[in-house]
Amino acid sequence: MSVLQEGIQNERNDELTRSEVIEMMTPIHGRRAQTDVEALQDIQRTLQDGDIQEPLVLYPRQSDITEWYYQIFYTTKENDKRGRNQILCMLFPDNREIKGEAAIVANGARFDPKSDKWDIDSIELGKTLWWYMKGGQNARKVANQRRFISYLENILTSAQRCKQPPRPSNPSTKEHLDR
């Protein structure tokens, strides 16, 4: 998991730089959850302040990655005095105002909270956030495209498995091959 800090105040009052985006990431590797429920509880502990909202899904900037994605969890609350999260505000296509920190996790169809495969590289996450922000990428559109590609890949894989002839139980026996 990684935490995206609320906006830093730069004295220039201009756009964030790529370095500033990466600096706003705080990786959390202290304890690895053993179950999906524990992983969700870790997110809840990290974001204690407010009501957790449906996460934003961001696929990595590399277009060939369809099997996993980032989920960005954030909270809302009435009379919110927390700082504006500049990055999240830029990522949501509906221009919503998001305040406070966000918890970011890697997720996918074969998610295993015990595996270090799901640890987040803050530099790569920062580059992905930068790609969405500066490339004008619509997070929902990218997610829909990648899900569709993943769906097609799964169909093709299943079809290829169905076309393969059955293997004989003992391939060294010529009798099985002649049938």
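Any read-out appearing in this document is the output of simple, stated calculations on the displayed coordinates, not a laboratory observation. On a predicted model such as this, the values are computed, not experimentally measured, just so you know. Every residue, glycine among them, receives a Cβ derived from its backbone with ideal geometry; neighbour counts consider all protein chains shown.
Which whole-Hz ³J(HN,Hα) couplings does the stretch 70-82 yield from phi under the Karplus relation 6.51 cos²θ - 1.76 cosθ + 1.60, θ = phi - 60°, glycine and proline marked x?
For the stretch 70-82, the Karplus-derived couplings read 8, 10, 10, 9, 9, 10, 10, 7, 5, 6, 6, 9, 5 Hz, x marking Gly and Pro.
Classify the stretch 28-98 as rounded, prolate or oblate, taking a ≥ b ≥ c as the square roots of the eigenvalues of its Cα gyration tensor: rounded when a/c is under 1.5, otherwise prolate if a/b is larger than b/c and oblate if not. Don't jump to the answer; show the numbers that get you there.
On the way: a/c = 2.32, a/b = 1.11, b/c = 2.10.
It comes out oblate by the Cα gyration axes.
Any aspartates and glutamates with Cα under 20 Å of the residue 99 Cα? List them, leaving off those in the same chain fewer than 8 positions away.
6, 11, 14, 15, 20, 23, 42, 49, 51, 54, 78, 80
Lysines near residue 117 by alpha-carbon distance under 23 Å, same-chain residues fewer than 8 away left out - which ones?
Output for residue 117: 127.
Along the charge dipole of the stretch 34-110, which of 73, 53, 86 sits closest to the positive end, that is, farthest toward it, with unit charges on the beta carbon of Lys, Arg, Asp and Glu (+1, +1, -1, -1)?
Among 73, 53, 86, the one farthest towards the positive end of the dipole of the stretch 34-110 is 86.
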